[in-house]
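Bear in mind that the values in this text are calculations on the coordinates, not laboratory data. Everything numeric in this text was worked out from a predicted model, so none of it was measured. So basically every Cβ, Gly included, is an ideal-geometry build from the backbone, and we count neighbours across all protein chains shown.
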Amino acid sequence: MMPPLEGKACISPALFNHPHRNIPLFSVLILATLVNLAPAANAGQCPKSDVSVEPPAAPRTNTDCVQDSPTLLPNAPTQDPTSTPANQKLRVSKKPDFNRSIFYENKIEFALDVGWLPINIPFPFDFIEEDPYELYPLRYTLVPVNASLRWQFGPIKGPVILRGNWDATFTLSATAIPRGAETHYFSYNMGVRRNFVPRNWRVTPYWDVRAGLGLIDAKGPLGVYYAQGQNFTYALHMGAGARYNFSPRYAFSVGLDWMHLSNGNLSAPAYSNYGINVYGPMFGLDVQLRRHRHDSAQ
């Protein structure tokens, strides 16, 4: 056997000459190597968490351990599970317009209107006939009682300010004349009304115009100055006001109405045509005749 070199560890070749004798020694060396390698292998693995996490599809690294940790960082923001994400906008739906159950196509109403028209004015269109714009000495007060059928012939439509619908009006009227030469007047009138319908307003403004013909007990042929020249006359009405809707079936209205009576110079030259021009307040009650509601989806 060769003597070992000084200062260096040397393994004798005799260890390899009789391998069956050295099996215990090799076993001790292998076991010691495995013990030394075990801590290094554990250092590359993440500690197990109490929270159950599904295995990721991609290979894990050491940085993934921070994400799996159930402990939150002190400055990490928390999110309320009931809160709405900031990138989602809440959509506020418009409240259904209940006026669509009041104003809709083919609705039919009965209206009873009573007026008090004591204010006398010149005929507003005298400038068209080149007549002087003046009042006659004889003053009138008319009290019309109108029974009307109103047929709404269109749905609600139009821009915000003019939004609304139209109705056609057919009116039988009996008018008392407490002040003036004559005493009564009966007429039939037709016209249209524009209903201005804001969303979910119970008060709805309106404007209307009507024209017709009728009979009056004329006193001009009896020699009364500035009275009407003949019994047959034409009528013209214009009005504006507001309507309050109690429900889809009942409504109350109040407004101003202008009324013009004239025979269109049919009595001339035998009797002059002076006409009557008065205006004043008008009050009305509207009642739906058909309970069936046509549901307008617009």
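Considering only residues in the range 167-203 that are among the basic types (Lys, Arg) and part of a strand (DSSP E or B), the one that is nearest to the chain's Cα centre (by Cα) turns out to be Arg194. Residues in the range 211-241 that are assigned to a strand (DSSP E or B) and among the aromatic types (Phe, Trp, Tyr): Phe232, Tyr234.
Taking residues in the range 264-291 that are farther than 22 Å from Trp151 by Cβ, and partners anywhere that are crowded, with 20+ Cβ neighbours inside 10 Å and polar (S, T, N, Q), the pairs with Cβ atoms closer than 6 Å and at least 6 places apart or on different chains are Asn273/Asn263; Asn273/Ser267.
Annotation note: Cβ proximity below 7 Å between a residue of the range 201-228 that is touching a residue at least 24 places away in the same chain (Cβ under 8 Å) and a residue that is part of a loop (DSSP other than H, G, I, E, B) and loosely packed, with under 14 Cβ neighbours inside 10 Å (sequence gap 6+ or interchain) occurs for Asp217/Thr183; Tyr226/Pro137.
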